[in-house]
Structure formats: structure tokens, C-alpha cells
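Just so it is clear, none of the values below were taken in a lab; they were calculated from the coordinates. From a predicted model like this one, the values you see are computed outputs, not experimental measurements. Every residue, glycine as well, gets a Cβ built from its backbone with ideal geometry; the counts of neighbours run over all protein chains shown.
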Amino acid sequence: EQQDGLSKLVMDTQCPFCSVQCKMQIIEERETGKRPVYTVNPTPNAASEGRLCIKGMNAYQHALTGERLLHPMMKKDGQFIRISWEEAYSLIERKFTALQGQYGKDSVGVYGGGSLTNESAYLLGKFTRIALRSKYIDYNGRFCMSAAASAGNKAFGMDRGLTNQLADIELAKCIVLAGTNIAECQPTLMPYFTRAKEKGAYIIAIDPRETGTTRMADLHLCVKPGMDASLANGMLKVLLDEGLIDEGFVQQRTKGFAELKAHLEELDLDAIAELTGVPVKLIRQAALAYGKASTGMVFTARGVEQQTDGYMAVRNFLNLVLLTGKIGKPGSGYGAVTGQGNGQGGREHGQKADQLPGYRLIENAEDRAYVANVWGIDPSELPEKGVSAYEMMEKVHEQEIRGLFVMGSNPIVSNPNANFVEEGLRKLDFLVVADMLMSETAQLADLILPATAYLENEGTLTNLEGRVLLRQSSRPAPGEAKHDWEILCEIAEKLGKGKYFGFSSAESIFEELRLASRGGIADYYGITYDRLRKEEGVYWPCPAPDHPGAKRLFESTFAHEDGKAEMIPVQNHLPKEQVSADYPLYLTTGRVLTQYLTGVQTRRSHSLAARDVESFMEIHPRTAKKYRVEDAALVKLESVRGTIFVRCRYSSDIREDTVFVPMHWGDTQNVNKITNQALDPTCRMPGFKVCAVKVSPFAIE
Ligand code: SF4
């Protein structure tokens with residue numbers, strides 16, 4: 001809209017900063033010769049109910065910053081110089097072709113992100129398998145959802161973040177929040193829980209720290225880092241001993257009860273209390289509240305999942321759900337609270353090493369044949385399964401991967417053992433980064449490709465409920481930035497594979513995604529852009545255009561062939577890294593309210609950055625005294641892998657044996673320089689949430 005030197009642009013969009021995908025309207029008003037003025041209004045919709053948190057209110061700032069990458073840039077003599085897209089594509093074609101000619105197809109890998117749209121995630125998987133013919137693709141969602149995803153797939157036969165719609169939360173009479181700090185990570189969800197409380201729900205929060213979420217709860221179990229699976233064992237034992245199990249449900253709809261029962265009978269509650277740091281009385285209180293409630297929901301997030309036994313830890317919380325039959329009903333279910341903007345959709349369409357679109361498996365012959373047919377290739381042309389995100393970084397370090405294409409991700413900050421990762425990335429023969437801003441990883445690149453931001457890039461995202469939403473775009477791309485999907489199609493064309501990438505819009509990619517996912521677990525076939533323009537999102541699985549979408553899963557059957565869910569015994573065991581005389585404290589990591597992922601975007605939002613200008617270490621004052629570190633002073637924090645320097649923040653909200661550092665900063669404040677790279681044996685999740693550290697006052701040596 002333009003009138004008398006005034007112009008107005010109205011942008012209807014979604015906040016990109018978490019899995020709720022709150023709707024909002026951003027109004028940009030420009031008057032000649034003056035700075036533009038922005039107004040942000042929440043838009044009522046079914047998920048966010050018209051709320052926005054501080055991140056959403058300021059989410060326009062990073063996208064409109066003058067720091068956006070505007071042109072392709074090549075590194076020459078240590079400096080980035082502007083080049084044309086044609087030069088950039090020719091360089092990629094020359095370098096990747098030469099590397100693959102010399103070292104084989106798998107010498108080039110691809111690293112994606114959980115904030116990409118469904119269309120970009122889908123296309124990135126197809127690009128790797130068809131245009132590059134490489135088996136190496138994985139993404140940062142490995143660090144986000146892999147434990148919960150594997151656990152859901154094994155226990156229920158299907159992984160969807162929430163088995164129920166958000167509206168079910170207020171119908172629950174007991175809610176377990178395990179390792180999730182919703183108050184800071186998904187703030188607009190809090191009213192769902194406070195409403196449940198008002199209606200009589202009893203809320204239990206499990207966390208080594210006191211947070212806004214634990215303060216909202218009725219009971220806080222201040223567990224030792226890494227001991228969540230054992231705590232769930234304690235609750236399961238109480239349920240069994242007290243006969244608080246749903247025998248009919250267990251008999252008709254589950255398998256594995258006999259083994260679980262035998263295991264639980266062997267356990268000793270006092271020993272569990274010792275292991276977990278949670279008194280028997282509180283374990284009993286939590287178990288009785290959940291077991292006696294008529295309805296209940298259990299939620300897990302990174303606190304439980306980012307552990308070297310994260311898969312088993314989540315399985316044990318699913319045991320709680322199944323043993324009590326609290327699933328598949330209004331107010332009863334399970335939810336893995338996704339962090340990234342498209343954490344759900346990003347893990348469904350093939351940017352994971354073991355996966356093809358629609359949650360099909362790359363190792364399954366039928367799945368390979370189906371997707372190969374949609375793509376118009378022979379199944380034998382599809383590469384085999386690759387390795388997980390951190391293992392890809394190991395392959396980079398070993399120089400088995402010599403060229404890397406990174407899209408919408410910042411692996412140098414988000415991977416554990418970040419010094420090792422940086423060392424590996426510096427060894428690459430050719431590193432390409434497609435991003436909207438100069439990330440720490442982009443600074444190391446040989447070639448940077450400027451990508452569009454969420455205000456410019458149309459596409460679908462799947463929120464934490466499994467609800468597919470269409471995000472429209474209103475702004476033209478700045479400079480020469482291109483959409484992720486355009487970049488992938490144009491590189492594929494250059495590599496001689498253009499006939500498989502003849503897409504003209506995000507919608508045309510979605511049309512192929514629908515077919516590729518048809519009949520798979522994450523079945524999007526019945527979802528179309530037309531439907532998404534008219535409806536408030538559509539839940540998957542949605543197998544036909546006239547299907548309403550599945551708001552609540554597992555009402556009468558689970559997704560395994562026999563229709564039954566699986567319970568398994570989970571052993572009590574300690575995290576792989578233990579404290580010692582040299583490293584006497586546990587470190588746990590997490591998020592803060594104002595920041596998102598590695599902070600590349602939120603650190604460039606001036607309003608958000610002003611609230612949290614730097615990282616910090618939260619420490620109990622008694623612990624701080626012992627190690628002679630002062631409040632607000634800089635401290636040195638070390639593990640066997642490295643050292644960081646952060647500001648000390650006294651807080652009696654944290655266990656005395658534990659310190660906490662957020663994950664949003666790079667360089668000397670990058671907490672992942674010291675986190676543990678040991679991987680969960682099933683889902684390959686690193687043990688971010690527990691490692692052994694020592695703290696000392698900062699001193700110039
Ligand atoms: Fe909503 Fe999450 Fe954005 Fe906050 S960060 S406005 S909760 S989508």
C-alpha cells in the first residue's frame with residue numbers, strides 16, 4: 001500500500017523461534033526520509049490462542065537487520081569477495097565433482113537444519129541422494145528430537161511430537177513435565193498448563209534447576225542430571241506396588257509387561273532415591289498423583305532426551321504412560337516438546353541419515369522402491385544409510401568427508417566437543433554454507449550463499465502437535481538472496497540433475513512431498529496448500545484430501561503391525577561421564593527466554609540481544625564459595641574437552657552439585673566446547689545434558 005510518501009506493508013506470518021509457530025501480523029510503515037516503524041500483533045489461532053512471547057514480538061528485527069547476507073561470497077586470501085550466482089554454482093560444480101571424482105561420492109556431505117521448511121528439508125534429502133549421490137546427510141535436529149523420535153517409533157510404532165492436540169492439556173488431571181522448561185522455551189504454551197491447574201490438575205516438574213516451569217508446578221523433583229530414567233523407574237515401581245496400573249489396557253493394548261514387572265520387582269526405592277537425589281517420599285507423591293488421576297499427560301524434552309541414554313530415558317516415561325493406560329483419550333497422552341521452529345516436520349521428510357520422506361526408512365527395500373518410483377530413479381541408485389550429525393563431524397575430521405554443504409545450520413556451535421568439530425571443518429577442502437546471516441560456521445566457509453528469511457520464504461512447517469501450517473511470505477528477497485529450494489534446484493541443474501528438480505514454487509515441491517509421503521507414517525497426502533489456506537492447519541497422518549487429519553493418536557490401536565504398544569525394562573545406570581576429583585561438578589545446558597538455538601538470529605535482534613548480552617554460568621552460592629568464584633565475575637569453566645569463559649551468576653535455584661550454562665553463544669562462551677560427545681547407542685544423541693567440569697576464577701595468565 002502506498003500513499004503520499006507513506007508506504008505500508010502488512011505481513012501475515014508465523015514466529016520462527018519455536019515449535020508452537022505462533023501466528024502474528026507485522027506491519028511495516030515507511031515515511032520518506034524516516035526510519036520504518038514496525039508494529040507486531042499476535043493473530044489468534046488454535047495453537048497460540050493469540051499470544052506471542054518476547055521472541056515473537058521481536059522476530060522481525062534479525063530478518064530486517066542490515067547484517068543480512070545479500071550476495072554470494074567466495075573466500076580469497078582469507079577475505080570474502082562478492083561473486084555472481086553463476087560463478088558460485090560453477091565453483092560448487094567444479095569442487096564437488098573433483099572431490100567426488102577423486103575420493104568417491106561419499107566424500108561430499110550435507111548438513112541441514114530443523115528450522116528449514118518441510119519443502120526445503122524434503123528437497124535437501126532428495127538433493128543429497130540424487131544430485132550428489134552421497135549417503136552423508138544429517139541435521140541439527142539429531143540433537144533435538146532423536147531420542148524422543150526413536151522412543152516413539154519403538155514404543156508406539158510412530159513418532160509425532162504430541163499424541164494429542166494442545167487443547168487436550170486442560171483436560172488432564174495430572175501432568176508430568178520431565179526435562180522441559182516451557183516457561184522459557186515455549187512461553188505461549190504456559191496458559192494451557194495454568195488452565196489445567198485451575199481445573200484441578202496436579203503438575204509435577206522434573207528438573208535439576210528451579211525454573212518458571214517448576215514454580216508453576218505443584219511438585220518439583222530436583223533430579224540429579226542424567227538420572228531421569230532411574231526416577232521414572234522409581235515412579236513405575238510405586239505404581240506397580242500400589243496396583244495403580246490399568247490391567248485391561250496393559251493386557252489388550254500393550255506387550256512387554258511381564259518383563260517390565262519382573263524388572264521393577266527387583267528395584268529398591270531407597271537405592272533409586274540415592275541415585276536420583278530425589279527422596280522416596282517425593283517419588284511416591286509423584287507416582288501416586290499420576291497413577292490415581294483419571295486422566296494424565298506426560299511431556300519430555302531435551303532435559304531427558306539429550307543424554308547418552310536419552311532413548312531409554314524416554315522409553316521409561318512412555319512405560320509410565322502405557323502402564324497406566326493414559327493415552328489415546330481426551331486429556332491422556334504423551335508429548336515430546338519440540339524446540340526448533342520445524343523440529344517436527346524437519347524430521348519427517350528425509351534429511352536424516354536413516355530416513356526417506358514420509359518417515360520411510362532408507363534401509364527398508366519397500367520404502368526405497370516407493371520413494372525411488374516417485375523420484376523416477378531405480379532403487380539401486382539410492383545411497384545407503386549414512387551416519388548421525390556428530391558422526392559426520394568425525395568423518396569430516398578423518399577427511400573421509402572432504403566437501404560439506406551446510407544449509408540453515410551452525411554446526412560449529414551446536415555440536416558437542418566443538419573444538420574438535422572446528423578443527424575438522426578447517427580441514428575441509430570445500431565448505432559451502434547457505435544462510436541468511438553470517439554464522440560462526442559461515443565465517444569458516446569457502447563459499448557463502450545468501451538465503452531468504454521467513455518473511456520472504458513461503459512454505460509449510462509442522463508444529464509440535466503434528467499440525468501442518470502454511471507460512472506465507474510478503475517481502476521480496478533482499479539483495480540477491482534466494483530461497484533454499486531455488487538454490488538446491490539450481491545447483492542440481494548445474495550438476496546435470498536438473499530433470500529431477502524442475503520445481504517452480506514451494507507449493508510444487510509440496511505436491512511431490514505429498515506423493516512421496518503417501519502411505520508412510522507421516523502421511524501428508526491429504527494436505528494441500530488450498531486446504532492450508534482455508535483451515536487452521538491440518539494434522540498428519542492425513543491420508544486423503546477429505547480426511548480431517550488425526551488430532552489425537554492411538555485411540556483404538558497403536559501403529560505397530562499388531563496394533564500393540566511396547567513396554568520394556570529400563571536399567572538404572574549412571575551417565576557416561578562422572579564427576580571426579582579433577583572435575584567435581586556436573587554441567588547441564590539449556591535455553592534462555594530471549595534466545596534461539598546458537599543465537600545467530602536472536603543475537604542480531606537488538607531488543608533480544610540487549611536483554612542477554614552474554615552467556616553466564618548459574619551456580620549455587622554455597623558451591624561458588626567453595627570454588628572462590630564471585631557473583632557477576634568472569635569464571636573459567638573446564639572439562640576434559642576444553643575451556644570457556646562466562647559470567648558467574650549466583651542462584652539458589654540450582655542443585656549444589658550442578659552448574660548451568662545456556663547454549664546460545666559462540667566463541668569463548670560456546671558451552672559446547674566442553675560438552676560431552678559420547679552418543680546414545682540407539683538414536684546417536686550426544687550427552688549434552690551431563691558432563692563433568694571444574695570452575696575457577698578467571699585470571700589473565
Ligand atoms: Fe510463539 Fe515460540 Fe515464537 Fe514465542 S518463540 S512467539 S512461543 S513461536
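For region 274-282, the Karplus equation 6.51 cos²θ - 1.76 cosθ + 1.60, evaluated at θ = phi - 60°, returns couplings of 4, 5, 8, x, 10, x, 3, 4, 6 Hz by residue, with Gly and Pro reported as x.
Computed from the C-beta positions of residue 38 and residue 614 and an R0 of 30 Å, the FRET efficiency is 0.70 to the nearest 0.05. Remark: the residue 10-residue 640 segment gains 221.7 nm on full extension, using 0.36 nm per residue and subtracting the alpha carbon distance.
Looking at the chain, the DSSP beta bridges with both ends there are about 55 percent antiparallel.
Here the gap between residue 499 and residue 511, fully extended at 0.36 nm per residue and compared with their Cα-Cα distance, gives a gain of 2.7 nm. Which of rounded, prolate, oblate describes region 396-461, given a ≥ b ≥ c as roots of the alpha-carbon gyration tensor eigenvalues and a/c under 1.5 marking rounded, otherwise prolate only if a/b is larger than b/c? Prolate shape, in that a/c is at least 1.5 and a/b is the bigger ratio. The Cβ shell under 15 Å around residue 165 holds other residues with a net charge of -1, Lys and Arg each +1, Asp and Glu each -1. Electrostatic bookkeeping for residue 266 treats Lys and Arg as +1 and Asp and Glu as -1; over the other residues with beta carbon under 13 Å from its beta carbon, the sum is -2. Taking the fewest neighbouring Cβ atoms within 10 Å as the starting point, the ordered list for 426, 655, 531 is 426, 531, 655. With unit charges on the beta carbons (Lys and Arg positive, Asp and Glu negative) and the dipole taken about the Cα centre of region 170-326, which residue among 227, 319, 182 sits farthest to the positive side? The residue sitting most towards the positive pole is 182.
Sorting 197, 76 from the fewest to the most surrounding beta carbons within 10 angstrom yields 76, 197.
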